[in-house]
Amino acid sequence: MTSLHDLGGVPLAWRQPRLFRHAFELTGPDNAVVARLERKNIITDRALAECADGRWEFRRAGLLSRRIVLRREGSDVEAGSFSRGFFGGKLELAGGREYRIRLLRMWPQHWAVLDADGTELARIEVAFSLLKHRARLTVPPEGARLEEIPLLVLFSWYHIVHPRHRGDSS
(Lines give C-alpha, C1' and ligand atoms only; values in the text may rest on other atoms or scores of the structure.)
Protein backbone atom coordinates (compact mmCIF):
# COMPACT_ATOMS: atom_id res chain seq x y z
CA MET A 1 0.00 0.00 0.00
CA THR A 2 1.07 3.55 -0.69
CA SER A 3 1.35 5.95 2.25
CA LEU A 4 -1.46 8.50 2.51
CA HIS A 5 1.27 11.12 3.01
CA ASP A 6 2.29 10.57 -0.62
CA LEU A 7 -1.21 11.10 -2.02
CA GLY A 8 -1.89 14.74 -1.25
CA GLY A 9 -3.94 16.28 -4.06
CA VAL A 10 -4.57 12.88 -5.66
CA PRO A 11 -8.25 11.88 -6.09
CA LEU A 12 -9.09 8.95 -3.81
CA ALA A 13 -12.31 6.95 -3.45
CA TRP A 14 -13.92 4.98 -0.64
CA ARG A 15 -15.89 1.97 -1.86
CA GLN A 16 -17.70 -1.00 -0.39
CA PRO A 17 -16.57 -3.97 -2.49
CA ARG A 18 -19.15 -6.47 -1.23
CA LEU A 19 -22.82 -5.94 -0.60
CA PHE A 20 -23.99 -6.40 3.04
CA ARG A 21 -20.41 -6.60 4.33
CA HIS A 22 -19.22 -3.79 6.57
CA ALA A 23 -15.84 -3.54 4.85
CA PHE A 24 -14.51 -0.62 2.85
CA GLU A 25 -11.47 0.11 0.71
CA LEU A 26 -9.88 3.43 -0.05
CA THR A 27 -8.51 3.33 -3.57
CA GLY A 28 -6.10 5.61 -5.33
CA PRO A 29 -4.76 5.85 -8.84
CA ASP A 30 -5.36 2.75 -10.96
CA ASN A 31 -7.76 1.47 -8.25
CA ALA A 32 -4.84 0.43 -6.04
CA VAL A 33 -5.98 -0.15 -2.44
CA VAL A 34 -4.53 2.51 -0.14
CA ALA A 35 -6.45 1.71 3.07
CA ARG A 36 -9.09 -0.61 4.52
CA LEU A 37 -11.76 -0.29 7.19
CA GLU A 38 -13.76 -3.26 8.44
CA ARG A 39 -16.31 -3.51 11.20
CA LYS A 40 -15.47 -6.61 13.25
CA ASN A 41 -18.14 -6.65 15.95
CA ILE A 42 -21.64 -5.23 15.62
CA ILE A 43 -22.36 -5.23 19.37
CA THR A 44 -19.32 -3.18 20.44
CA ASP A 45 -19.10 -1.40 17.09
CA ARG A 46 -15.45 -2.46 16.92
CA ALA A 47 -13.73 -1.72 13.63
CA LEU A 48 -10.19 -2.23 12.36
CA ALA A 49 -8.54 0.25 10.04
CA GLU A 50 -5.27 -0.20 8.19
CA CYS A 51 -3.05 1.60 5.74
CA ALA A 52 0.67 1.73 5.00
CA ASP A 53 1.05 4.14 7.92
CA GLY A 54 -0.44 1.91 10.64
CA ARG A 55 -3.29 -0.16 12.00
CA TRP A 56 -5.91 1.14 14.42
CA GLU A 57 -8.96 -0.10 16.29
CA PHE A 58 -12.07 2.04 16.79
CA ARG A 59 -14.59 1.06 19.46
CA ARG A 60 -17.49 2.65 21.28
CA ALA A 61 -16.45 3.35 24.91
CA GLY A 62 -19.55 1.69 26.37
CA LEU A 63 -22.81 0.13 25.29
CA LEU A 64 -24.75 3.41 25.38
CA SER A 65 -21.80 5.77 25.07
CA ARG A 66 -21.50 8.36 22.31
CA ARG A 67 -17.72 8.44 22.86
CA ILE A 68 -15.50 6.39 20.57
CA VAL A 69 -12.01 5.29 21.57
CA LEU A 70 -9.14 5.02 19.07
CA ARG A 71 -6.19 2.70 19.73
CA ARG A 72 -3.27 1.29 17.81
CA GLU A 73 -4.16 -2.31 17.04
CA GLY A 74 -3.05 -4.58 19.89
CA SER A 75 -2.51 -1.71 22.34
CA ASP A 76 -4.48 -0.82 25.47
CA VAL A 77 -3.30 2.79 25.31
CA GLU A 78 -5.76 5.29 23.84
CA ALA A 79 -4.46 7.09 20.76
CA GLY A 80 -7.45 9.41 21.02
CA SER A 81 -11.17 9.70 21.54
CA PHE A 82 -14.07 11.12 19.60
CA SER A 83 -17.12 12.81 21.10
CA ARG A 84 -20.16 12.96 18.84
CA GLY A 85 -22.06 16.16 18.46
CA PHE A 86 -24.66 17.53 16.10
CA PHE A 87 -23.40 17.38 12.51
CA GLY A 88 -20.03 15.91 13.47
CA GLY A 89 -17.89 15.89 16.55
CA LYS A 90 -14.52 16.51 18.16
CA LEU A 91 -11.52 14.19 17.93
CA GLU A 92 -8.92 14.59 20.68
CA LEU A 93 -5.63 12.80 20.14
CA ALA A 94 -3.38 11.59 22.97
CA GLY A 95 -0.80 14.32 22.30
CA GLY A 96 -3.42 17.00 23.01
CA ARG A 97 -4.18 17.98 19.42
CA GLU A 98 -7.85 18.49 18.55
CA TYR A 99 -9.64 18.07 15.24
CA ARG A 100 -13.25 18.35 14.13
CA ILE A 101 -15.22 16.24 11.72
CA ARG A 102 -18.02 18.40 10.41
CA LEU A 103 -20.92 17.98 8.03
CA LEU A 104 -20.63 20.83 5.53
CA ARG A 105 -23.60 20.00 3.32
CA MET A 106 -26.55 17.69 3.89
CA TRP A 107 -27.47 16.71 0.33
CA PRO A 108 -25.33 15.34 -1.13
CA GLN A 109 -23.31 14.92 2.05
CA HIS A 110 -19.98 16.70 2.18
CA TRP A 111 -17.84 16.23 5.29
CA ALA A 112 -14.59 17.90 6.29
CA VAL A 113 -11.79 17.16 8.72
CA LEU A 114 -10.68 20.45 10.27
CA ASP A 115 -7.82 21.40 12.56
CA ALA A 116 -8.30 23.60 15.63
CA ASP A 117 -7.97 26.75 13.48
CA GLY A 118 -10.67 25.57 11.06
CA THR A 119 -8.26 24.70 8.24
CA GLU A 120 -9.65 21.94 6.03
CA LEU A 121 -7.35 18.90 6.06
CA ALA A 122 -9.58 16.49 4.14
CA ARG A 123 -12.96 16.51 2.38
CA ILE A 124 -15.26 13.54 1.87
CA GLU A 125 -18.09 13.76 -0.67
CA VAL A 126 -20.50 10.89 -0.05
CA ALA A 127 -22.37 9.33 -2.97
CA PHE A 128 -25.66 7.97 -1.71
CA SER A 129 -26.78 4.49 -2.60
CA LEU A 130 -29.39 2.22 -1.09
CA LEU A 131 -27.11 -0.79 -0.98
CA LYS A 132 -23.46 0.29 -1.00
CA HIS A 133 -21.54 3.21 0.42
CA ARG A 134 -18.96 5.14 -1.56
CA ALA A 135 -17.34 8.55 -1.50
CA ARG A 136 -14.69 10.75 -3.03
CA LEU A 137 -11.87 11.82 -0.73
CA THR A 138 -9.61 14.80 -1.26
CA VAL A 139 -6.60 15.51 0.93
CA PRO A 140 -4.84 18.74 -0.05
CA PRO A 141 -1.01 18.60 -0.14
CA GLU A 142 -0.77 20.61 3.11
CA GLY A 143 -3.08 18.09 4.82
CA ALA A 144 -1.05 15.15 3.52
CA ARG A 145 2.04 16.50 5.28
CA LEU A 146 0.32 16.23 8.67
CA GLU A 147 1.59 13.28 10.73
CA GLU A 148 -1.94 12.33 11.85
CA ILE A 149 -3.59 12.41 8.40
CA PRO A 150 -3.80 8.60 8.01
CA LEU A 151 -5.67 8.26 11.31
CA LEU A 152 -7.87 11.27 10.52
CA VAL A 153 -8.82 9.91 7.08
CA LEU A 154 -9.61 6.42 8.37
CA PHE A 155 -11.54 7.59 11.41
CA SER A 156 -13.55 10.18 9.50
CA TRP A 157 -14.88 7.45 7.17
CA TYR A 158 -15.70 5.25 10.18
CA HIS A 159 -17.65 8.15 11.66
CA ILE A 160 -19.56 8.75 8.42
CA VAL A 161 -20.62 5.12 7.82
CA HIS A 162 -20.98 4.10 11.47
CA PRO A 163 -24.48 5.55 12.15
CA ARG A 164 -25.88 3.80 9.10
CA HIS A 165 -24.59 0.43 10.28
CA ARG A 166 -25.90 0.73 13.85
CA GLY A 167 -29.38 -0.28 12.67
CA ASP A 168 -28.04 -3.35 10.85
CA SER A 169 -27.31 -5.17 14.11
CA SER A 170 -30.94 -5.52 15.16
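Can you confirm whether segment 74-81 contains a residue that is assigned to a strand (DSSP E or B) and either closer than 19 Å to Pro11 by Cβ or open to solvent by 30 Å² or more (accessible area, probe 1.4 Å) (or both)? Yes, segment 74-81 contains a residue that is assigned to a strand (DSSP E or B) and either closer than 19 Å to Pro11 by Cβ or open to solvent by 30 Å² or more (accessible area, probe 1.4 Å) (or both). Given the structure, is Val126 in contact with a strand residue (DSSP E or B) (Cβ under 7 Å, 6 or more places away or on another chain) and over 20 Å from Glu38 (Cα atoms)? Against the criterion (in contact with a strand residue (DSSP E or B) (Cβ under 7 Å, 6 or more places away or on another chain) and over 20 Å from Glu38 (Cα atoms)), Val126 does not qualify.
Listed conditions (1) at negative phi; (2) open to solvent by less than 80 Å² (accessible area, probe 1.4 Å); (3) more than 13 Å from the chain's Cα centre (by Cα) are all met by Ala122, apart from (3).
Tell me, yes or no, whether segment 85-107 has at least one residue that is surrounded by 13 or more Cβ atoms within 10 Å (Cβ to Cβ), at pLDDT below 95 and β-branched (Val, Ile, Thr). No; the residues of segment 85-107 include none that is surrounded by 13 or more Cβ atoms within 10 Å (Cβ to Cβ), at pLDDT below 95 and β-branched (Val, Ile, Thr).
Listed here are the residues, each with its yes/no results for (1) at pLDDT below 95; (2) surrounded by 14 or more Cβ atoms within 10 Å (Cβ to Cβ).
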| position | (1), (2) |
| --- | --- |
| Arg46 | yes, yes |
| Glu57 | no, yes |
| Ala61 | yes, yes |
| Leu64 | yes, no |
| Ile68 | yes, yes |
| Arg71 | no, yes |
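Within segment 108-119, work out how many residues are open to solvent by 70 Å² or more (accessible area, probe 1.4 Å) and either within 16 Å of Val153 (Cα to Cα) or touching a Lys or Arg at 6+ places or on another chain (Cβ under 9 Å) (or both).
Residues meeting the conditions: 1.
The values are calculated or read from the model by the stated rules, or taken from the named source; none is laboratory data. These numbers come from a predicted model, not from an experiment. No Cβ is skipped: glycine too gets one built from the backbone with ideal geometry, and neighbour counts run over all protein chains shown. Surface accessibility is based on the protein's heavy atoms, side chains included, excluding ligands, DNA and RNA. Shrake-Rupley method; radii C 1.70, N 1.55, O 1.52, S 1.80 Å.
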